[in-house]
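To start, the structure under review is shown below, and the notes come after it.
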Protein chains: 2
Amino acid sequence: MYNSYPSKLLDNAVSEFAKLPGIGKKTALRLVLHLLNKPEEDVIIFGNAIVDLKKNIKRCKVCRNISDKDVCEICSDEHKNKKLICVVENINDVLAVENTSRYEGVFHVLGGLISPMDGIGPDNLEIKSLVERVSSGDVSEIVLALSSTPEGDTTNFYLYRKLASYNVKITTLAKGVSVGSEIEYVDELTLGSSIVNRVKFELM
Amino acid sequence: MYNSYPSKLLDNAVSEFAKLPGIGKKTALRLVLHLLNKPEEDVIIFGNAIVDLKKNIKRCKVCRNISDKDVCEICSDEHKNKKLICVVENINDVLAVENTSRYEGVFHVLGGLISPMDGIGPDNLEIKSLVERVSSGDVSEIVLALSSTPEGDTTNFYLYRKLASYNVKITTLAKGVSVGSEIEYVDELTLGSSIVNRVKFELM
């Protein structure tokens, strides 16, 4: 339905919105018509916000989190424990862990999980940079906070093998996180508790 | 939650998305991070689609529907019955009625409903242009297809008084539309049937 619009421009804008995850054609139309009723300045601000973000965003050269500067706010925060690194899949997970207010260390963003099905191997992820951080010798503990999925497990095993030879404690989130769930959707209390009760990583 | 982002640019983009109807902070973040993972060209196309729409869209000078040209596709379609005008609140309603494939006439988009609570009076709507179309004498029937709400009823009454003196049949949608519902969310079958069974407008 709604496959013939009175305007190519409208059709175009609706198609672009409908590409977003969880947004169908009907919702896309509602969003576009909402914006169409706004003053032109507001629409330009909206359009530019996302383009500016994409053009100007940087990756922190330490942890690969997104940042406005070369080194992100978390890595340059002197109250953070730099010897403690939490390894996460993506930026959402950094925000999720930070929001628990129960973690005092820094992060390392892999940018994904090992997934042969999707053609993602260790070389496509920020694993080399993690090993470099650990091999520099200033790290005492690595917390593996990856999703409890087959891809997460595979990545955990791979990282464990890569890091086991260094003098570093490798821990993982407490088994408060339910099996099959994705880190970013876990509620703050459960996630906070699973960080506090993190346990030594062991091959099963 | 999620009130501290690692980047002002990210914060900005998320805030803009969160202004859209039905999009909360968490969904906004998901959409923004999705776009952030796309190639830069795609993000620019997305940002421009909505700005181009807003800058270049026109209002049809006949029916006030949105259009790429001075006269919209519906008004310039020679298969449409120009003597039959369906009066609707907004563009969504034009699309909804067109999608039923049960209506052969043209439209008139009011751009809203009379609502003293929101400070919208008859002069804020495209009522004068509708009266001009009717007074030109080429119109045989006006179908009032406004939402079945207090504002819709008020607007129906006002239009009826304005148009009753002209030699034109005034009809309204059959009472298949449930009371309290908005036109754009009615399913196609019900809406199509209510157009076919439209009845003469009568003051209650």
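Around residue A:58, with a cut-off of 9 angstrom between Cβ atoms, what is the net charge of the other residues, counting Lys and Arg +1 and Asp and Glu -1? Can you show the working numbers first?
On the way: positive: A:59, A:61, A:69; negative: A:68, A:70.
Summing Lys/Arg as +1 and Asp/Glu as -1 gives +1.
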Taking the Cα-to-Cβ direction at residue B:197 and at residue A:79 and moving 7 Å from each Cα, how far apart do the two end points lie in nm? 6.7 nm
Distribution of pairwise C-alpha distances over the stretch A:68-165, 10 Å bins, in %: 15, 50, 30, 5, 0
Mind listing the label-point distances from residue B:131 to the same position on all other copies, shortest first, one decimal in nm, points 7 Å along Cα→Cβ? 8.0
DSSP-defined beta bridges in the protein assembly as shown - what % are antiparallel, rounded to 5: 30 percent
Please work out the FRET efficiency for the pair residue A:166 and residue B:189, using the Cβ-Cβ distance as r and a Förster radius of 56 Å; give the result to the nearest 0.05. 0.25
Sorted from largest to smallest, which semi-axis lengths in Å does the alpha carbon gyration tensor of the stretch A:8-56 give for its equivalent ellipsoid, taking the root of 5 times each eigenvalue? 19, 15, 9
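Among DSSP beta bridges lying fully in chain B, give the percent that are antiparallel, nearest 5. Don't jump to the answer; show the numbers that get you there.
Values: 5 of 18 bridges.
Expressed as a percentage, antiparallel bridges in chain B total about 30.
In a shell of Cβ-Cβ distance under 15 Å around residue B:134, excluding residue B:134 itself, what net charge do Lys and Arg (+1) and Asp and Glu (-1) give?
On the way: positive: B:64, B:82, B:83, B:128, B:133, B:161, B:162, B:169; negative: B:126, B:132, B:138, B:141.
Taking every Cβ under 15 Å from that of residue B:134, the sum is +4.
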The chain A residue whose Cβ lies closest to the rotation axis carrying chain A onto chain B, with that distance rounded to whole Å, is A:47, 2
Per principal axis, largest first, the Cα atoms of chain A extend in Å by 66, 35, 34
What does the charge count around residue A:92 come to, taking other residues whose C-beta lies under 13 Å from its C-beta (Lys +1, Arg +1, Asp -1, Glu -1)? -2
Have a look at B:157, B:17, B:46 and tell me which one the Gaussian network model of chain B (Cα, springs below 10 Å) gives the largest fluctuation. B:17
Copy-to-copy spacing for residue B:99, label 7 Å out on the Cα-to-C-beta vector, in nm, shortest first? 3.2
Unit-weight point scatterers at every alpha-carbon of the protein assembly as shown, Debye formula, q = 0.06, 0.10 1/Å: log10 I(q)/I(0) is -0.38, -0.77
Helix-only mean residue ellipticity at 222 nm for chain A, each DSSP H run of n ≥ 4 adding -39500 (n - 2.57), per residue, nearest 500: -12000 deg cm²/dmol
Long-range amide H contacts for residue B:120: which residues qualify at under 5 Å (H placed 1.01 Å from N, peptide plane, sequence gap of 5 or more or a different chain)? B:115
Highest-MSF residue in chain A out of A:81, A:167, A:48 [GNM, Cα springs under 10 Å]: A:48
For a paramagnetic label modelled at 7 Å from the Cα of residue A:56 toward its Cβ, which residues of the stretch A:1-43 fall within the zone defined by backbone nitrogen distances under 18 Å? A:42-43
Test of understanding: in a Gaussian network model of chain B with alpha carbons linked when under 10 Å, which of B:40, B:151, B:132 would top the mean-square fluctuation ranking? B:40
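Throughout, read-outs are computed from the coordinates displayed, never taken from laboratory work. Quick caveat, the model's predicted, so the values are computed rather than measured. Virtual Cβ from ideal backbone geometry, glycine too; neighbours counted across all protein chains shown.
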